[in-house]
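Q: Can you read through this structure? Questions will come right after.
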Amino acid sequence: MSQLRIIRIHNELLGTYGDQGNAEVLAFRAKHLGIDSTIIDISYDQLIPRNGDIYLLGGAENAAQLLSLEAMKRDNALKDAISDGAVLLAVCAGFQIIGNTFWANEKKVDGLGLLDIETNAGQTERCVGDVVAHSSIFNLDLIGFENHAGRTVLGSSTKPFATVSSGYGNGDGKTDGAVQGNVIGTYMHGPILARTPALADLLIARATAQ
Ligand code: GLN
């Protein structure tokens, strides 16, 4: 690989919770690993390139989340890139967007269907606070913070990203996020890769193993 291409999608919409920092951590860690990289920002009015290595989605409130989804439904670029072996890390609103369905502004919305999950509207309090979790898939201890209304239920094609020891995670207080192949979703902000740079190294390893 000549250069690791990190695609940061809709930073202007999905940058509310600081998850855009995941791109910088990836670039920093890649440099440390002797891998040249570039961060490519794709805004709402641009098409998503298919030749990225790592794609990033962040957290947002409902209106911004719906706009981002609308833009990504213009074509199948993200799906095609993942089929070609790219890695996707999606946080909170981004996690919900790539699922089968989620609720926003009292409507059930079809997501991108890249992860076999469904997110329901939270009827009680918002899930807000610090999260402590362990990912047995990645063999990593994780910390982060969460701030979401939605509660996510995993389908049979996915595994939980992590087991939660403190916090709400997917809403049940037991699991956080989901993993399906090279697609990873989580509720953890931080940014998560700044809190646990070893996860950045693992994503880079997956993306460069093609
Ligand atoms: N709007 C979504 C929710 O409240 C996601 C929030 C977020 O990304 N932090 O569930």
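The values are calculated or read from the model by the stated rules, or taken from the named source; none is laboratory data. What you see is a predicted model, and the numbers here were worked out from it, not measured in a lab. Note that we place each Cβ from the backbone using ideal geometry, even for glycine, and neighbour counts take in every protein chain shown. SASA here: full protein model, heavy atoms, side chains in, ligands and nucleic acids out. Shrake-Rupley method; radii C 1.70, N 1.55, O 1.52, S 1.80 Å.
For every residue, the table says whether it meets (1) more than 13 Å from the ligand (Cβ to nearest atom); (2) open to solvent by less than 50 Å² (accessible area, probe 1.4 Å); (3) out of contact with any helix residue (DSSP H, G or I) (no Cβ under 8 Å at 6 or more places or on another chain); (4) of a type outside the set (Lys, Arg).
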residue: His32; (1), (2), (3), (4): yes, no, yes, yes
residue: Pro49; (1), (2), (3), (4): yes, yes, no, yes
residue: Gly52; (1), (2), (3), (4): yes, yes, no, yes
residue: Leu56; (1), (2), (3), (4): yes, yes, no, yes
residue: Gly59; (1), (2), (3), (4): no, yes, no, yes
residue: Gln65; (1), (2), (3), (4): no, yes, no, yes
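Q: Then there's this: Kindly provide the set of residues from the stretch 8-45 that are aliphatic (A, V, I, L, M) and either assigned to a loop (DSSP other than H, G, I, E, B) or in contact (Cβ under 8 Å) with a residue 60 or more places away in the chain (or both), ordered by number.
A: Ile9, Leu13, Leu14, Val25, Leu26, Ala30, Leu33, Ile35, listed by residue number.
Q: Tell me which residues, restricted to the stretch 133-155, are open to solvent by less than 60 Å² (accessible area, probe 1.4 Å) and of a type in the set (Val, Ile, Thr).
A: Of everything in the stretch 133-155, just one residue is open to solvent by less than 60 Å² (accessible area, probe 1.4 Å) and of a type in the set (Val, Ile, Thr), namely Thr152.
Q: Could you grab me the full set of residues in the stretch 141-151 that are near the ligand (Cβ under 9 Å from one of its atoms) and in contact with a helix residue (DSSP H, G or I) (Cβ under 9 Å, 6 or more places away or on another chain)?
A: His148, Ala149, Gly150
Q: What are the residue pairs meeting all of these: first residue in the stretch 59-71, first residue in contact (Cβ under 8 Å) with a residue 40 or more places away in the chain and more than 13 Å from Ser43 (Cα to Cα), second residue open to solvent by 70 Å² or more (accessible area, probe 1.4 Å) and within 11 Å of the ligand (Cβ to nearest atom), Cβ atoms under 8 Å, and 6 or more apart or on different chains?
A: Once the first residue is in contact (Cβ under 8 Å) with a residue 40 or more places away in the chain and more than 13 Å from Ser43 (Cα to Cα) and sits in the stretch 59-71, its partners that are open to solvent by 70 Å² or more (accessible area, probe 1.4 Å) and within 11 Å of the ligand (Cβ to nearest atom) give Gly59/Thr16; Ala60/Thr16; Glu61/Thr16; Asn62/Asn105; Ala63/Asn105; Leu66/Asn105.
Q: Within the stretch 118-140, identify whether any single residue is among the β-branched types (Val, Ile, Thr), more than 12 Å from the ligand (Cβ to nearest atom), part of a strand (DSSP E or B) and in contact with a helix residue (DSSP H, G or I) (Cβ under 8 Å, 6 or more places away or on another chain), and answer yes or no.
A: Among the residues of the stretch 118-140, not one is among the β-branched types (Val, Ile, Thr), more than 12 Å from the ligand (Cβ to nearest atom), part of a strand (DSSP E or B) and in contact with a helix residue (DSSP H, G or I) (Cβ under 8 Å, 6 or more places away or on another chain), which makes the answer no.
Q: Go through the stretch 163-195 and count every residue that is open to solvent by less than 10 Å² (accessible area, probe 1.4 Å) and either of a type in the set (S, T, N, Q) or not in a helix (DSSP H, G or I) (or both).
A: Going through the stretch 163-195 one residue at a time, the tally reaches 12.
Q: Among the listed residues Ile97, Ile117, Ile82, identify the single one that is under 25 Å from Ala162 (Cα atoms), in contact (Cβ under 8 Å) with a residue 60 or more places away in the chain and open to solvent by less than 30 Å² (accessible area, probe 1.4 Å).
A: Ile117
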